[in-house]
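The numbers here are math on the coordinates, done by the rules we state, and not lab data. These numbers come from a predicted model, not from an experiment. Every residue, glycine as well, gets a Cβ built from its backbone with ideal geometry; the counts of neighbours run over all protein chains shown.
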Amino acid sequence: MRNIFAVDSSVIVKWFKKGEEHEAEALRLQHAILSLNLTPLTSELASLEVTRALLKVGYETRKVEEAYKTLSEMYSLGFLTTTPLSTLKDAAKA
């Protein structure tokens with residue numbers, strides 16, 4: 001059985017923006033997700049939060065669009081699962 005857990009947008013940003021603190025850990029997490037070893041739940045706003053964060057730090061528009069496309073593909077292929085914020089709020093207490 002795969003482990004189910006919540007992934008914050010600040011972690012997902014590190015998949016795209018190089019040189020971030022804890023980048024290596026975030027990339028290992030991404031690898032575990034793509035290897036189907038983990039089942040991540042993200043906020044229903046995660047794609048918006050990631051794209052806004054990348055734009056805010058001056059990330060190239062083309063690269064932001066690529067990041068958004070990558071996330072959309074990860075959702076459609078089942079690598080990421082979106083969940084309502086109310087669900088994550090309750091899970092965060094545990």
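Quickly rank 51-62, 11-22 as a protection proxy: mean count of other C-beta atoms within 10 Å, highest first.
Those peptides, ordered most packed to least, come out 11-22, 51-62.
Using θ = phi - 60° and the Karplus form 6.51 cos²θ - 1.76 cosθ + 1.60, what ³J(HN,Hα) does each residue of segment 48-62 get, whole Hz, x for Gly and Pro?
5, 4, 5, 5, 5, 5, 5, 5, 4, 8, x, 4, 4, 4, 4
According to a simple spin-label model (label point 7 Å from Cα along Cα-to-Cβ), what is the distance in nm between Leu27 and Ser10?
2.1 nm
Considering the values (1) 7.4; (2) 6.2; (3) 5.9, which represents mean projected area of the Cα convex hull in nm² as calculated for the structure under consideration?
(2)
For Phe16, what residues show an amide H to amide H distance below 5 Å, using hydrogens built from the backbone and excluding near sequence neighbours?
Those qualifying (amide H under 5 Å, at least 5 residues apart or on another chain) number zero.
Using Cα pairs closer than 8 Å and at least 6 residues apart in sequence, work out the relative contact order for the chain, in percent. Could you put the intermediate results ahead of the total?
Working: 94 pairs, mean separation 31.8, N = 94.
The value is 34 percent.
In segment 3-92, if the dipole is taken from +1 on Lys/Arg beta carbons and -1 on Asp/Glu beta carbons about the Cα centre, which of Ala46, Tyr68, Leu85 is farthest to the positive end?
Tyr68
Extension gain Leu48-Thr61, at 0.36 nm per residue separation less the Cα-Cα distance, in nm? Walk me through the numbers before you get to the answer.
On the way: separation 13, 0.36 × 13 = 4.68 nm, distance 1.39 nm.
Stretched fully, the Leu48-Thr61 segment lengthens by 3.3 nm.
Quick one: grab the alpha carbon gyration tensor of segment 1-56, order the square roots of its eigenvalues as a ≥ b ≥ c, and give me rounded if a/c is under 1.5, else prolate or oblate depending on whether a/b is larger than b/c. All intermediate terms of the calculation are to be shown ahead of the outcome.
Values: a/c = 2.74, a/b = 1.38, b/c = 1.99.
Taking the square roots of the gyration eigenvalues as a ≥ b ≥ c, segment 1-56 is oblate.
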